[in-house]
Amino acid sequence: MDKKWQTHLTDAQKHVCVDGGTEYPFTGEYNDFFESGDYYCVCCNALLFKSEDKFQSGCGWPAFSFSEKESIRYLRDSSHGMERIEVRCKQCDAHLGHVFNDGPPPTGTRYCINSVCLDFKAK
Ligand SMILES: [Zn+2]
């Protein structure tokens, strides 16, 4: 991830966005948060998710069933003995979380995203 996007990040944000870490479940600011608005990349301010697509997954992290068009980059992640799909911000390459195929209809998609990667702006 380009240094120019990292200057304003906190240590917790760097741990996740830059180093690919994961925040502790049920601790994130947006885990249990359902206000109406948009979620932007905390690093580069790209629009990533909308509150209409957020749902309560019970997994401990913010979950979305849909992402903004062309906002996400997908990478195969074989770390920790699992086959997962990592999701990153397409614009700045920040690690955001992972995507799974056990979400609600109609997409069946569950984006499992770290709160620290997101910047919420109310409508
Ligand atoms: Zn970004």
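Bear in mind that the values in this text are calculations on the coordinates, not laboratory data. None of the values given here were measured: they were computed from a predicted structure. Methodologically, a virtual Cβ is constructed for each residue, glycine included, from the backbone with ideal geometry; neighbour enumeration extends over all protein chains shown.
Tell me, what is the percent relative contact order of the chain, built from C-alpha pairs under 8 Å that lie six or more residues apart? If you can, show how the numbers build up before the last one.
Details: 263 pairs, mean separation 36.4, N = 123.
Rounded, it is 30 percent for the chain.
Once amide H atoms are built 1.01 Å from N in the peptide plane, which residues 5 or more positions from Trp61, or in another chain, come under 5 Å H to H?
It is Phe26, by chain and number.
Which value, in Å to one decimal place, does the Kirkwood hydrodynamic radius take for the chain when every pair of different Cα atoms is included?
Values: mean 1/r = 0.0701 Å⁻¹.
Across the chain, the inverse of the average 1/r is 14.3 Å.
Would you mind ranking His15, His95, His80 so that the residue whose beta carbon has the fewest other beta carbons within 10 Å leads the list? Walk me through the numbers on the way to the answer.
Numbers: His15 17, His95 23, His80 7.
Least crowded to most crowded, the residues run His80, His15, His95.
Quick one: which residues, 5 or more positions from Phe49 or on another chain, have an amide H under 5 Å from its amide H? H modelled 1.01 Å from N in the peptide plane, none for Pro or chain starts.
Here the answer is Tyr39, Glu68, since their amide H atoms fall under 5 Å of that of Phe49.
Tell me, what ³J(HN,Hα) does each residue in region 100-109 have, in order and in whole Hz, if you take phi through Karplus 6.51 cos²θ - 1.76 cosθ + 1.60 with θ = phi - 60° and put x for Gly and Pro?
Per-residue couplings from phi come out as 10, 9, 10, x, x, x, x, 7, x, 9 Hz.
Fewest first, what order do Met82, Met1 take by the number of other Cβ atoms within 10 Å?
Exposure proxy ranking, most exposed first: Met82, Met1.
Which links in Lys4/Lys54; Lys3/Lys54; Lys50/Lys90; Lys4/Lys123 stretch past 23 Å when you go from one Cα to the other? Please report the intermediate quantities before stating the final value.
Numbers: Lys4/Lys54 29 Å; Lys3/Lys54 30 Å; Lys50/Lys90 16 Å; Lys4/Lys123 28 Å.
Too far apart for the 23 Å limit: Lys4/Lys54; Lys3/Lys54; Lys4/Lys123.
In which sequence would Ser51, Ser79 go, from the one with the fewest C-beta neighbours within 10 Å to the one with the most? Could the numbers behind the result be given before it?
Working: Ser51 17, Ser79 9.
Final ranking by Cβ density, sparse to dense: Ser79, Ser51.
Grab the DSSP H runs of the chain that are 4 residues or longer, score each as -39,500 (n - 2.57), total them, divide by all residues and round the 222 nm result to the nearest 500 deg cm²/dmol.
On the way: 1 runs with 7 residues, N = 123.
That comes out to -1500 deg cm²/dmol.
May I ask you to evaluate 6.51 cos²θ - 1.76 cosθ + 1.60, the Karplus curve with θ = phi - 60°, for each residue of region 67-75 and list the ³J(HN,Hα) values in order in whole Hz, giving x for glycine and proline?
10, 4, 4, 6, 9, 10, 10, 10, 9
Taking amide hydrogens as modeled 1.01 Å from N in the peptide plane, which residues meet the under 5 Å criterion relative to Ile72, leaving out close sequence neighbours?
Lys90
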